[in-house]
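A.B. asks: Structure incoming, see below.
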Amino acid sequence: MIERNDGTETERTMMSRAAVPDGPVDGTVVHALVVEAYNTELRRVPVGAAPLIIGRVAPAAIVLEGGAVSRRHCLIDRTGDQVRVMDLGSTNGTYVDGVRVAEPVLLADGARIQVGPHTLRYERRRRGEALAAASLASDIARARDYVNALLPPPVADGPVRVAWTFQPCATLGGDALGYHRDGDWFHAYILDVSGHGVGAAMHSVSIMNVMRQRALPGIDTRNPAAVLTALNDMFDMEKHHGMYFTMWYGVLHLPTRRLDYSAGGHHPALLHHPDTAEVRPLPGRGAGIGTMPGYAYRTATAELAPGTRLHLFSDGAVELADGIAEPWGMAQVSATLCAPGDWSEAPDRLYRRVRTLSGMRPLDDDFSVLTLQLA
Amino acid sequence: MNYEIMPLGADACRVVLAGRADAAAVDAVEPALSALLRETSGHVLVDLAGVPFMGSLGIRMLISVARLVARRGNRIAMTGAQPQVLEVFETMALLDLIPHAPDQDAALALLAG
């Protein structure tokens, strides 16, 4: 095969083919690579009769960014129902399930091909199953767009400024966040539904809509414990397909800077004062919302100094997959969020750190961080 | 994650879980584990000594088991949880629902009421 070198570099993964090939009847086996590349959605690239080159530049059929990817890195070749990968003399090597490819390797269903920081998963499916998978991926993309559309815009001025980063994982993880001003009060919350997928996202949307529309009859929404108690009653997991959620909810009284908050099974929020570098977790022991009918949530209170920052975050910021290069937990999350720097960059700073630690692999869970900066 | 269910005295069974209770692992074992537990009777002791990580779906599984056991009028307890897992249970107030005992004898005492 001759490489055409037009010198074109690209900054993102490109696909050269449609998601599902035309033609074959149901029952025909189709082969595909699911491309898990940095900062892109999961993509499914069919493996047809013609060999596919994977490399850093066009005309490779699958173009992947990054210095660890060679211009022509490896080749996928199908003969009948057998699909092989061979390395094309790449600098950093091609790996299949962790083993460096020396000779052409026959791929089993589910094999994971590593090219630099990117992973490509080989799938062998009947055409009907492939169509169903493509349809599900499309549904997930629509659900993700809907969740995004419900998130409030960042706040750039006023007594409480707000920045956030919300990065749903490929299968959707059920995170949500929100905030609004109510006269002298400022409300903020973050929540994380157990489980993944469209079901979890639908659940988080239901809860977000209750919060957005203040649809908690008779409940004083300035009382965090009352809000969580009402949500616990409304979203009993037995009545919601076994799903529960964790939540941190706080209400700040702007004239006095008194923060009332309550949490249901969620990570503590972090108070950070940039002048003194003091960091204080606001713990929130309480049952996951929907797990224990009748649970009595409690409101705690903190007095905030001017200039205080408040960071809220979800599981996806704390719990990374196995096999990362260094320890990661609350202490590291806190150090990253509270590192010196512009307040509004804290959520993105943590996201970049988590992505780097994860070897730029797609995250297993939604990543959500909400930062509030008091005047 | 692996699991094993074995009899424990005349009126209880012991469920031993081992491995990370992350989303994929729980998805893989929960249907079979729940089906098996529905066929048992008596109290349930969950041994978590071999579980280094408990994610939200793992907790959901434990709550589902607790509700199943409570519905049939029996008790449930846990033992052996590693410190980081116990911390998650504390945050979730899960110990209000499923008590945790430091060893099997103490757990048996909890089950005996």
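A.B. asks: Restricting segment B:40-90 to residues that are within 13 Å of another protein chain (Cβ to nearest Cβ) and part of a loop (DSSP other than H, G, I, E, B), which is surrounded by the fewest Cβ atoms within 10 Å (Cβ to Cβ)?
C.D. replies: This residue is B:PRO52.
A.B. asks: Is it the case that A:ASP184 is more than 14 Å from chain B (Cβ to nearest Cβ), surrounded by fewer than 16 Cβ atoms within 10 Å (Cβ to Cβ) and touching a residue at least 40 places away in the same chain (Cβ under 8 Å)?
C.D. replies: yes
A.B. asks: Just one of the numbered conditions (1) within 9 Å of another protein chain (Cβ to nearest Cβ); (2) surrounded by fewer than 18 Cβ atoms within 10 Å (Cβ to Cβ) is not true of B:ALA106; which one?
C.D. replies: (1)
A.B. asks: So B:TYR3 ticks every box in (1) more than 14 Å from chain A (Cβ to nearest Cβ); (2) in contact with a helix residue (DSSP H, G or I) (Cβ under 8 Å, 6 or more places away or on another chain); (3) more than 30 Å from A:LEU363 (Cα to Cα); (4) surrounded by 15 or more Cβ atoms within 10 Å (Cβ to Cβ) but one. Which box is left unticked?
C.D. replies: Unmet condition: (3).
A.B. asks: Given (1) within 27 Å of A:ASP366 (Cα to Cα); (2) in a strand (DSSP E or B); (3) open to solvent by 70 Å² or more (accessible area, probe 1.4 Å), where does A:ARG121 come up short, assuming only one miss?
C.D. replies: Tallying (1) within 27 Å of A:ASP366 (Cα to Cα); (2) in a strand (DSSP E or B); (3) open to solvent by 70 Å² or more (accessible area, probe 1.4 Å), A:ARG121 fails exactly one: (3).
A.B. asks: Right, A:LEU33: at pLDDT 95 or above, crowded, with 17+ Cβ neighbours inside 10 Å and not acidic (Asp, Glu) or not?
C.D. replies: No: the conditions fail for A:LEU33.
A.B. asks: I would also like to ask the following. Can you tell me how many residues within segment A:101-131 are touching a strand residue (DSSP E or B) at 6+ places or on another chain (Cβ under 8 Å) and farther than 19 Å from A:ALA37 by Cα?
C.D. replies: Result for segment A:101-131: 14.
A.B. asks: Yes or no: A:ASN232 at pLDDT 95 or above and within 12 Å of another protein chain (Cβ to nearest Cβ)?
C.D. replies: When the stated conditions are applied, A:ASN232 passes them.
A.B. asks: How many residues, within segment A:329-375, are crowded, with 19+ Cβ neighbours inside 10 Å, assigned to a loop (DSSP other than H, G, I, E, B) and at pLDDT 85 or above?
C.D. replies: Of the residues in segment A:329-375, 2 are crowded, with 19+ Cβ neighbours inside 10 Å, assigned to a loop (DSSP other than H, G, I, E, B) and at pLDDT 85 or above.
The values are calculated or read from the model by the stated rules, or taken from the named source; none is laboratory data. Quick caveat: nothing in here was measured; it's all calculated off a predicted structure. Cβ: placed from backbone, ideal geometry, glycine included. Neighbour counts: every protein chain shown. We work out accessible area using only protein heavy atoms, side chains counted, and drop any ligands, DNA or RNA first. Shrake-Rupley method; radii C 1.70, N 1.55, O 1.52, S 1.80 Å.
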